[in-house]
Amino acid sequence: MEKFEHLKSLMPWYLVQYFSLIKSYKPLQEEWNYTGKSILVVTNSRGEVLKKNALHLIVVWGISAFSFRVEDEERVSQHWNWLWIEAFNINVDIQKWVVIKLLLLKALEDSIWRFDAFRIPSGIVELLKALIFPKDVKQLDIVNNTTTELVNHDEIKTKNFFLFISGLENIEDEIWSLKAIYDSISKDKDKNDYKILWVPVVENWTNEAMEKFEHLKSLMPWYVAQYFSLIKGYKALQEEWNYTGKPIVVAVDALGKVTNKNALHLIFVWGIAAFPFGYEDEIRVSQHWNWFWIEAFKINVDIQKWVKQDNGYIFFYGGTDITWTQRFGNLIDAIKKDPIIKETETNIEHFNLAKVDITTQTKFWFNITNSFLSKTQKVDFNLDSTLKDIQTLLSMRTEKGWAIVSKGQNVFLIEFNEVMMSVVEGFENWRTSISASISFDIAFKDYYGIVSKTVPRHCLHFELENIRSGVPAPFSCPDPTCGLKMEIESVKYKCCHGMHYDDEKATENGLVPIAAGPFAGTTTIEYVSTPGSKSKFTP
């Protein structure tokens, strides 16, 4: 508040006094590209935005650029040409100095124009020009790789694009995934307005690079940009679309408005089901636990039938300990045969992920990881409850045992080996709670709540492998009772909820707490917390 009052005292103009985070913070980020750095937005009396950021214009030209619109920028850059012509006739040094200044100013103007094209939708042609080509180019060198013909502007300006932006190395996986999308949209007349465009980003176009380009181009039936220098909008690409050198797919509409800065993970996981791959499509396809079920259905088609059963429950489980998974499955089979289960017409099915081949298991975890990375494209991803569910499942991957329990497609519990085994082993203690009025899931959760209080809490840790589009930011612990920052170790994430465990003094469950506190632990760059205890039921 003291800093605010000081700054306020320097300002003779209007100012807003609202001492909370502004309500339109998210639109401010997405629509006006606010990143925390100062901007100056110019609007008219009708609320129409004339320039999303006129700050650079004011710094360079001051009041002479009033009223700081795009056309004012063009006006002031030409206004003083007569003065410099006379000055050049008097002193050659002035001419050299001014030439340098004009070159710098031209570079600044070009940069401002490109950044504005990224931030202020002005048509897809203008955006592609700002991304790839010189400003004064007349024909965009974009080839339809199916016909090998140049694509004219009239065709481009009516299309929505998926911009596949990458280098030349290790992009074959992305090409195959995009081929499936290309095939789908090519066969569907309703999707004819959507095109894929490859934008290669290469700093040095050597002979070797050209050969690699031609090879990759031969694999692509879609549009390809041919500009054999580093693309002109490289800096804007880095700053506005977070390009780090790894492949991304930017979804853009015909107006030049970005609908997803990186749809690659969404394409990896959902394929054409997530078309047209906007942020709202990511929300649509991953509602609740759809991200999980779509992978479960791929592994066993019977699961799709199980989720539709009346009063049906599914145990989806796995682990590194074969003995544990076998015993767990046997206990579920025993529960299925219990008279009370039959009397209440409760249908129980179970599936052991550890029984399928290693290739299928690896693909399952790969796709779950991509679901996780797709969710991190959102600005406030650490507040996303679905992301926390995915984190929790990823933390199970290297455990000796774990299980997900659902009623139909409604997942109501995901837990580690000790607690889950104790609940099913103790079925005799809670079986009589099941009745016409108390369903299986209610009785299960009630007994789980009792057992979970007697078992030390697990560290939650997970590792991201083969990340295709940059390393995500630090994540919060997905445990609803914790929420503190997870330890980051390379690309491994871990949280022990404030407890440090010593493997040498481990108890039967493999964990012994030896220290507690806000920074308990020994691993490098570890973040731990000390929350209370609470069950892990999903909302």
Item checked: Residue list for region 210-229, restricted to those being basic (Lys, Arg) and either exposed (fewer than 14 other Cβ atoms within 10 Å of the Cβ) or farther than 19 Å from Lys195 by Cβ (or both) -> Lys212
Check: When both residues are 6+ apart or on different chains and their Cβ atoms are under 6 Å apart, which pairs have a first residue that lies in region 11-34 and is surrounded by 10 or more Cβ atoms within 10 Å (Cβ to Cβ), and a second that is part of a loop (DSSP other than H, G, I, E, B) and not small (Gly, Ala, Ser)?
Finding: Leu28/Tyr34; Gln29/Val379; Trp32/Lys52
Notebook entry, point to check: Among Leu102, Leu150, Leu140, which is the only one that is among the aliphatic types (A, V, I, L, M) and at pLDDT below 90?
Noted result: Leu102
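Which of the following residues is surrounded by 15 or more Cβ atoms within 10 Å (Cβ to Cβ) and at pLDDT 80 or above: Ala65, Ala54? Steps first, please.
Values: Ala65 fails: at pLDDT 80 or above.
Sole residue among the options that is surrounded by 15 or more Cβ atoms within 10 Å (Cβ to Cβ) and at pLDDT 80 or above: Ala54.
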Notebook entry, point to check: Which of the residues spanning region 260-297 are under 20 Å from Ala354 (Cβ atoms) and either within 17 Å of the chain's Cα centre (by Cα) or free of Cβ contacts under 8 Å to residues at least 40 places away in the same chain (or both)?
Noted result: Phe292, Phe297
Item checked: Unique match (being in a helix (DSSP H, G or I) and open to solvent by 50 Å² or more (accessible area, probe 1.4 Å)) among Ala130, Ala107 -> Ala107
Notebook entry, point to check: If you take the residues of region 185-209 that are in a loop (DSSP other than H, G, I, E, B) and open to solvent by 40 Å² or more (accessible area, probe 1.4 Å), which of them is farthest from Leu168 (Cα to Cα)?
Noted result: Asp188
Next item on the list: Pick out the one residue from Thr147, Thr244 that is open to solvent by 40 Å² or more (accessible area, probe 1.4 Å), among the β-branched types (Val, Ile, Thr) and farther than 16 Å from Asn262 by Cβ.
Entry: Thr147
Next item on the list: Filter region 315-334 down to the residues that are outside any loop (DSSP other than H, G, I, E, B) and in contact with a Lys or Arg (Cβ under 8 Å, 6 or more places away or on another chain), then identify the one that is surrounded by the fewest Cβ atoms within 10 Å (Cβ to Cβ).
Entry: Trp324
Item checked: Evaluation of Lys337 against (1) in contact with a helix residue (DSSP H, G or I) (Cβ under 9 Å, 6 or more places away or on another chain); (2) surrounded by fewer than 18 Cβ atoms within 10 Å (Cβ to Cβ); (3) under 18 Å from Ala443 (Cα atoms) (one fails), failing number -> (1)
Next item on the list: Can you give me the number of residues within region 214-238 that are within 30 Å of Lys106 (Cβ to Cβ), touching a residue at least 40 places away in the same chain (Cβ under 8 Å) and not hydroxyl-bearing (Ser, Thr, Tyr)?
Entry: 9
Item checked: Within region 232-241, tally of residues that are out of contact with any Phe, Trp or Tyr (no Cβ under 8 Å at 6 or more places or on another chain) and open to solvent by less than 10 Å² (accessible area, probe 1.4 Å) -> 0
Margin query: I'd like to check something: does region 172-179 contain any residue that is buried (at least 18 other Cβ atoms within 10 Å of the Cβ), at pLDDT below 95, under 21 Å from the mean Cα position of the chain (by Cα) and under 16 Å from Leu127 (Cβ atoms)?
Written below: no
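The values are calculated or read from the model by the stated rules, or taken from the named source; none is laboratory data. Everything quoted here is computed from the prediction, not taken from an experiment. Reconstructed Cβ throughout: ideal geometry from the backbone, glycine too, with neighbour counts over all protein chains shown. Accessible surface is based on the protein model in full, side chains and every heavy atom, while ligands, DNA and RNA are left aside. Shrake-Rupley method; radii C 1.70, N 1.55, O 1.52, S 1.80 Å.
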